[in-house]
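Since the structure comes first, as structure tokens, the remarks are kept for the end.
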Amino acid sequence: MTILLVRHAQSAGNAAGVLSGAVDLPLTDLGRAQAAALGERLRSLSIAAVYASPLTRARDTARATAGPLGLPVTIVDGLREASLGAAEGLSWREIRERWTLGSGVEWADTIPGAEPGLAVRTRVSSVIDELLARHADEVVLCVSHAGTITHALQHVLGTPPDIGLRFT
């Protein structure tokens, strides 16, 4: 199986330089153009299915990408970005000024109201395992978020949860 992990196109939060987490923000005009361009770029691939996070920025990226492929988008709650609690709407600089962040899945555990890192890892790993079983010999597209993709990659690479890898 091949899973194409795609981060959503530019959102209003990205344009403002803040972390959105579970806040449901739309794509910018640039983001909509990026999503359309991705759909054209992937048109020649034999993609069997398109999955997306329920958050608007990922869902709209997936729909714009799936359109040229002639595929529907299946929304999967497990692909949503982690809730970042009190850190949502802040820049990385502001977050680091307020909290000492841990490593691995524990980095967000000191932020009030944030979804525990191990819970995110478990949720994302479950989705990836299900897709691997369902699409053994196919190519699928999953549109989600940077944090979700990091957890997915760590899971398939077998990286222990306490090791803080960051994929960008």
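The values are calculated or read from the model by the stated rules, or taken from the named source; none is laboratory data. As the structure is a computational prediction, the values presented were derived from the model and not from experiment. Because the Cβ atoms are built from the backbone with ideal geometry, glycine has one as well, and the counts that use them run over all protein chains shown. Ligands, DNA and RNA are excluded from the accessible area calculation, which covers all protein heavy atoms including side chains. Shrake-Rupley method; radii C 1.70, N 1.55, O 1.52, S 1.80 Å.
Evaluate the stretch 79-91: report whether one residue or more is of a type in the set (Lys, Arg) and modelled with pLDDT of 95 or more. There is at least one residue in the stretch 79-91 that is of a type in the set (Lys, Arg) and modelled with pLDDT of 95 or more. Leu132 fulfils the conditions (1) in contact (Cβ under 8 Å) with a residue 40 or more places away in the chain; (2) outside any helix (DSSP H, G or I); (3) open to solvent by 20 Å² or more (accessible area, probe 1.4 Å); (4) of a type in the set (A, V, I, L, M) except for a single criterion, (2). With respect to the conditions (1) touching a Leu at 6+ places or on another chain (Cβ under 8 Å); (2) open to solvent by less than 40 Å² (accessible area, probe 1.4 Å); (3) part of a helix (DSSP H, G or I), Leu141 falls short on a single one, namely (3). Got at least one residue in the stretch 80-99 being under 14 Å from Val6 (Cα atoms) and open to solvent by less than 10 Å² (accessible area, probe 1.4 Å)? No, because not a single residue in the stretch 80-99 is under 14 Å from Val6 (Cα atoms) and open to solvent by less than 10 Å² (accessible area, probe 1.4 Å).
Only residues that are under 12 Å from Val6 (Cα atoms) and in contact (Cβ under 8 Å) with a residue 60 or more places away in the chain were counted across the stretch 39-56, and they come to 5. Every condition in (1) at pLDDT 95 or above; (2) under 20 Å from His145 (Cβ atoms) holds for Ile95 except the one numbered (1). If you take the residues in the stretch 20-57 that are open to solvent by less than 30 Å² (accessible area, probe 1.4 Å) and in a loop (DSSP other than H, G, I, E, B), which one is nearest to Gly85 (Cα to Cα)? For the stretch 20-57, the residue satisfying everything is Gly21.
For the stretch 34-61, a residue qualifies if it is among the hydroxyl-bearing types (Ser, Thr, Tyr) and farther than 18 Å from Glu130 by Cβ, and the qualifying residues are Ser44, Ser46, Thr56, Thr61. Against the numbered list (1) open to solvent by 60 Å² or more (accessible area, probe 1.4 Å); (2) under 18 Å from the mean Cα position of the chain (by Cα); (3) farther than 22 Å from Arg96 by Cβ, Ala15 comes up short only at (3).
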